[in-house]
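S.K.: This is the structure, below, for whatever I ask next.
Please treat every number below as a calculation from the coordinates, not as lab data. Small disclaimer: the values here were computed from a predicted structure and weren't measured. As a convention, Cβ positions derive from the backbone with ideal geometry for all residues, glycine included, and neighbour counts pool all protein chains shown.
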Amino acid sequence: MSARRDWRGVLFVAPYLTVFVVMLVVPLAMGMWLSTTKSDLFGTERWVGLANFVRLFGDAIFLQTVGNTFTFVLLTGPFLTLAGLGLALVLNRPERWAAVLRTIFFASTVLSVTVVTLVWRLVFLPDGGLLGVTAEALGGTPIAFLNNEKLAMPAIAVTTIWWCIGLPMVLFLAALQQVPRDLYEAAALDNASRWTTLTRITLPAIRRTFFLVIIIEVILQFQLFGQAQLMTLGGPNNATRPIVLFIYEAGWRQWELGYAAAAAQVLFAMILVAAMLQYRLSSRRAA
Amino acid sequence: MAGVGLAGVGKAYGAVTVIERLSLEIAAGEFVVFLGPSGCGKSTLLRMIAGLESVDTGEIHIGARRVDTLPPGARGVAMVFQHYALYPHLSVRENMAFGLRNLRVPAHEIAERIAAAAASLEIEALLDRKPGQLSGGQRQRVAIARAIVKQPDLFLLDEPLSNLDAALRVRTRLELAQLHRRLGATMVFVTHDQVEAMTLADRIVVLNAGGIEQVGTPMEIYLRPRTQFVATFVGSPKINLLPVAIEAGVTGNARARLGDGTVLDTDVPFPGQGPMTLGLRAETVCVTAGDDAATHGTAEVVERLGERTLVHILLGDGTRIVAEDAGVSSVRPGDRIGLAIDGAAAHLFDANGLGHHRAEAG
């Protein structure tokens, strides 16, 4: 009887399992295999083992893209998390103005990357852009943010933060609204100050969401592509070239599919390690 | 320990009045229960005393201090919440210490108070556990212990027993009564459960639609309900209410004529001729096989409770009445039975719902 019951149980998970295997496991395995070959659009030439990986770690441009990607994640991830939390704390109110501001802050998230980068190029443009005009009005010299090696990546980070702040804010709002109201009432009766209430009641209560947001943001921001592609094309002097742009160019400009797949595996490993690390840390703290 | 004074306290949400200018004095050391149905405003009133709801009109005093303008933490009250509101990420010990630390009570005194409260509620073994590791009953005790360590002027308890199972509820009820006696503290307890109110209270405040229906000791409330609402809300099974015609009896008391023609002499002073509602508690209407039967009816439903039997009876005029019989009763549904009615225990309610009772003894 139990064997028959087990067989029927498989039917319930089969639809998901099929999609999971076909859409995720198979492409992942194909990508891994591809990364060990010399391939182009016409097919696989030969199996090369780890040669693509050896070449990658000797490729200065690739190593720079790894550094760029890490810099970008460090610039955006923590800020998105903390700013999302801050906004959620301020806007977690029943008043109408808070609802309007919640909508406004979330609105940018629904825009496409093309629109967002277009808007922000107009902000950063030294000649007639918002910041340029403002600098001139204040008697300063306009700065060419996107042509400056030091400032281009922070400029992309600002654009990304503006674009992506809605998601962490909404996740934190949802978490805050799950905190039982009577905990705050008990804290008020216990003479807790605002700061004590925040640090001893609110933050511990939303700890899981905090780590969830960090993990989501790290995974998302490691995959930076559109903003860099549309705002700087990876320049100036590769200063804003992220790993995904490197993969794109290696695969679809230079037709080196095996090499691009190897770079993709490195990115996959980086995201996996970062996410696992966060997960481990959050589980240990939660225990 | 302090008394509480409410003077003309009112509260409205927009056009909806939830508490109508209400005045009440609670003596120091008294155990007062706010009793009423859902939505009567009893929890709101408690929360207004705690400072968790603002007061639109009137004043609240705790002891000699006016508190309605003070924040909750400055009122000297401790509250036990319906869902306990224990801080989930803090241990039991930290939960109890939280309020004291905020008041900058010295660490050694915090430890002493926690030890004393934990011993008193027998939760010493739980001090290092988190609330999530406790059963409902244990959480309840921790919530009470957290209130005790604050040594407040006033304890506020918002339906604290409603989440416990029946057996634990009875036990905790007893412990609360003992705790009150031991601490001698002023306690205000909110419930919709009349048994909790009757067993715990020095005085019960019966609330209805944001106003006070009656304030009195449990037996005053039960024996001399001021209104028909109070008579109906307190007592199980619900008081029998029968439309009657009133006339003066030979003793000067009211004589009630039931719909089926039965005449019942009451001890209620004659309030004037006219239609009224007769209130009879089930224990004053007894099944009888003898010739003391005041009226007869047909048993419809028989509820055997063990120590007594409740019989739902259809009278000749189509009205229904609940009577009591001995625990071991031979009555079966469909039986035609006689009813002996204790007219001396009868209540009368006029068209405005106001109660008329027999003259008080002495």
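S.K.: Fewest Cβ neighbours within 10 Å first, please rank B:VAL149, A:VAL90, B:VAL142 accordingly.
M.R.: Ordered from fewest to most neighbouring Cβ atoms within 10 Å, B:VAL149, A:VAL90, B:VAL142 come out as A:VAL90, B:VAL149, B:VAL142.
S.K.: Classify region B:313-361 from the C-alpha gyration tensor, please: rounded if a/c falls under 1.5, else prolate or oblate depending on whether a/b exceeds b/c.
M.R.: oblate
S.K.: Please give the average number of partner chain Cβ atoms lying within 10 Å of the Cβ of each residue in A:178-188, rounded to a whole number.
M.R.: Going residue by residue through A:178-188 and averaging, the value is 6.
S.K.: Treating the protein assembly as shown as a set of equal point scatterers at the Cα positions, no solvent, please give the Debye-formula log₁₀ I(q)/I(0) at q = 0.08 Å⁻¹.
M.R.: Result of the Debye calculation: -0.84.
S.K.: Another question, if that's okay. Where a ≥ b ≥ c are the square roots of the eigenvalues of the C-alpha gyration tensor, would you call chain B rounded, which needs a/c under 1.5, or, failing that, prolate if a/b is larger than b/c, or oblate?
M.R.: Taking the square roots of the gyration eigenvalues as a ≥ b ≥ c, chain B is prolate.
S.K.: Right, something else. Quick check: the angle from helix B:136-149's long axis to the longest principal axis of chain B, C-alpha only, nearest 10 degrees?
M.R.: Long axis of B:136-149 versus the principal axis of chain B: about 60 degrees.
S.K.: Within a 10 angstrom radius of each residue's Cβ in B:83-89, how many Cβ atoms of other chains show up on average? Whole number is fine.
M.R.: Partner-chain Cβ atoms within 10 Å, mean over residues of B:83-89: 6.
S.K.: Here's another thing I want to ask about it. Contact order normalised by length for chain B, with contacts defined as Cα pairs under 8 Å and 6 or more residues apart; what percent is it?
M.R.: Averaging sequence separation for qualifying contacts and normalising by length gives 15 percent for chain B.
S.K.: In square nanometres and to one decimal, what's the mean projected area of the convex hull around the Cα atoms of chain A?
M.R.: 23.2 nm²
S.K.: Under a cut-off of 20 Å between alpha-carbon atoms, report the aspartates and glutamates in cross-link reach of A:LYS150, not counting same-chain residues fewer than 8 places apart.
M.R.: Qualifying aspartates and glutamates at Cα under 20 Å: A:ASP127.
S.K.: For a test of the definition: using alpha carbon positions, the gyration tensor, and the 1.5 limit on a/c, classify region B:240-356 as rounded, prolate or oblate.
M.R.: Here region B:240-356 falls in the prolate category.
S.K.: Among B:GLY184, B:ALA147, B:LEU164, whose Cα sits farthest toward the positive end of the charge dipole of region B:4-226 (+1 at Cβ of Lys/Arg, -1 at Cβ of Asp/Glu, about the Cα centre)?
M.R.: B:ALA147
S.K.: Also, quick follow-up: Between helix B:107-120 and chain B, what is the angle of the helix's C-alpha long axis to the longest principal axis, kept within 0 to 90° and rounded to the nearest 10?
M.R.: Approximately 30 degrees, to the nearest 10.
S.K.: So, in chain B, how many Lys pairs have Cα atoms under 25 Å apart, if the pair is 8 or more places apart or on different chains?
M.R.: On the way: B:LYS11/B:LYS42; B:LYS42/B:LYS150; B:LYS42/B:LYS238; B:LYS130/B:LYS150.
For chain B, the number of qualifying lysine pairs is 4.
S.K.: Please arrange A:TYR16, B:TYR84 by counting, for each residue, the other beta carbons lying within 10 Å of its beta carbon, fewest first. Each step should come with its number before you reach the end.
M.R.: Values: A:TYR16 9, B:TYR84 23.
Ordered from fewest to most neighbouring Cβ atoms within 10 Å, A:TYR16, B:TYR84 come out as A:TYR16, B:TYR84.
S.K.: Any idea what the relative contact order of region A:129-287 is, in percent, if you count C-alpha pairs under 8 Å spaced at least 6 apart?
M.R.: Answer for region A:129-287 is 23 percent.
S.K.: Based on other C-beta atoms within 10 Å, arrange A:MET231, B:MET1, A:MET30 from fewest to most.
M.R.: Least to most surrounded, the residues fall as A:MET30, B:MET1, A:MET231.
S.K.: Same structure again: Which whole DSSP H helices in chain A pass both tests: a Cα extent of 20 Å or more along the axis and a mean Kyte-Doolittle value no lower than -1.0?
M.R.: Span-like helices here: A:2-20, A:60-91, A:207-222, A:257-286.
S.K.: Let me ask something else. Quickly estimate the mean residue ellipticity at 222 nm for the protein assembly as shown, helices only: each DSSP H run with n ≥ 4 gives -39500 (n - 2.57), and the total goes over all residues, rounded to 500. Intermediate results must be reported in sequence, preceding the final value.
M.R.: Working: 22 runs with 281 residues, N = 649.
Counting only the DSSP helices, I get -13500 deg cm²/dmol.
S.K.: When only C-alpha pairs under 8 Å and at least 6 residues apart count, what is the relative contact order of region B:182-223, in percent?
M.R.: Relative CO of region B:182-223 lands at 28 percent.
S.K.: In degrees between 0 and 90, to the nearest 10, how far off the longest principal axis of chain B does helix B:92-102 point, with axes built from Cα atoms?
M.R.: Roughly 70 degrees, rounded to the nearest 10.
S.K.: Right, something else. Taking amide H atoms as placed 1.01 Å from N in the peptide plane, list the residues 5 or more away in sequence, or in a different chain, whose amide H sits under 5 Å from that of B:ASP335.
M.R.: For B:ASP335, the qualifying residues are B:ALA299.
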